[in-house]
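*Asks:* Pasting in a structure now, in structure tokens, and then I'll have a few things to ask.
All of the numbers you see were taken from the coordinates with simple rules; none came from a lab. Please read these numbers as outputs of a predicted model, since none were measured by experiment. Cβ sites come from the backbone with ideal geometry, for glycine too, and all protein chains shown count toward neighbours.
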Amino acid sequence: MAVSYKNLGLVNTNEMFKKAMEGKYAVPAYNFNNMEQIQAIILACLETQSPVILQVSSGARKYADQTLLSYMGQGAVEMMKTHAKEKGLKEIPIALHLDHGDTFELCKSCVDTGFSSIMIDGSHLPYDENVELTKKVVEYCHQFDVTVEGELGVLAGIEDEVVAEKSTYTKPEEVVDFVKRTGVDSLAISIGTSHGANKFKPEQCTKNAEGVYIPPELRFDILAEIEKQIPGFFIVLHGSSSVPMEAVNIINENGGALKDSVGIPEEQLRKATQYNVCKVNIDSDGRLWMTAAIRKHFNDKPGDFDPRKYLGPARVALIEMYKHKNENVLGSAGNV
């Protein structure tokens, strides 16, 4: 029997995005795979009074189990309400979103198990096939007041089961037709962001005085043209982790082997929110800080074997990272 997201206490993204566009900030969309990640997301967003989108990739859904994920979403809402009451804070809106759904069947299954927002990614398909698949998903989701995100353009990089060797920038001339024919509520575009922790090759970057790689600037000209073509429409940026060198260095100093890790500068993400970018996806940064905390803990205390001993510090590191993103990068703090 189908489960409605409304019965789980979740919301779709429409109202979130309307407020974000008016306030010139972006709603954070954080991916999670386990309990510590979802705890950190909720606690950080509640403390900073930020709306939040809990994102689940198809790979995470397989890892965590689709039934458990629905209850984790419901549990996140109840946990938020309890902590809000205890701390005298306003409750925050929470959406549960499928990230990079690639088939109608997967999208339908997520709607039927309580997701409030769906991304159908047909960007790897020929244009007309992308339109056809996206429209089919929209028609199903809108019956249940579930919002839908489509994608035009291809982001390079590797993240879970999303793999692309080359990026293809979104063509501004296609967006009006795509939005009109599919009926999507928001649109993910490609303007230079990329999936994973190695978003750019060294030869694509310049080096500053400290020897840090500086990536090329995002294509704000494409973003501006898209905004002209579909004014007031909700835009999404994927692959927007900043890959903090502090976390990379901690990993490498404690037995890791990350090489040439380059992310999106945070000031560029903040600039993007001044356009119609209402949602920014961040996954790799969470993975990096969690891994950094765990590696450091094992290096400092190699005798520990209780998962709580090393996952606890990882959760703390995540909370601080999410708070920083909300307050200093996306501008979502204080907007509930």
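*Asks:* I need the chymotrypsin sites (Phe, Trp or Tyr not before Pro) found in segment 252-312, filtered to DSSP loop residues with at most 14 other beta carbons within 10 Å of theirs. Can you show the working numbers first?
*Replies:* Numbers: sites: Tyr275, Trp289, Phe298, Phe305, Tyr310; in loops: Tyr275, Phe305.
Hits after loop and neighbour filter: Phe305.
*Asks:* Would you work out if segment 5-329 is rounded, prolate or oblate? Take a ≥ b ≥ c from the square roots of the eigenvalues of the alpha-carbon gyration tensor; rounded if a/c is under 1.5, else prolate when a/b is larger than b/c, oblate otherwise. Present the calculation step by step, with values, prior to reporting the outcome.
*Replies:* Details: a/c = 1.61, a/b = 1.16, b/c = 1.39.
Oblate, since a/c reaches 1.5 and b/c is not below a/b.
*Asks:* Quick one: grab the alpha carbon gyration tensor of segment 5-105, order the square roots of its eigenvalues as a ≥ b ≥ c, and give me rounded if a/c is under 1.5, else prolate or oblate depending on whether a/b is larger than b/c.
*Replies:* Oblate is the answer for segment 5-105, as a/c is 1.5 or above yet b/c matches or exceeds a/b.
*Asks:* With a point put 7 Å past each Cα toward its Cβ, work out how far Lys6 is from Gln143 in nm, to one decimal.
*Replies:* Distance between the two pseudo-spin positions: 1.6 nm.
*Asks:* Still on this model: With a Förster radius of 35 Å, plug the Cβ-Cβ distance of Glu15 and Arg308 into 1/(1 + (r/R0)^6) and report the FRET value to the nearest 0.05.
*Replies:* Working from the Cβ atoms, E equals 0.40.
*Asks:* Lys62 to Glu132: FRET efficiency via 1/(1 + (r/R0)^6), r the Cβ-Cβ distance, R0 41 Å, to the nearest 0.05?
*Replies:* With a Förster radius of 41 Å, E is 0.95.
*Asks:* Grab the other residues whose beta carbon is less than 10 angstrom from that of Gly183, score K and R as +1, D and E as -1, and report the net.
*Replies:* Neighbourhood net charge equals +1.
*Asks:* Still on this structure, please answer the following. Note the full-extension length gain between Met79 and Lys259 as 0.36 nm times their separation in residues minus their Cα-Cα distance, in nm to one decimal.
*Replies:* Result: 61.0 nm gained on full extension.
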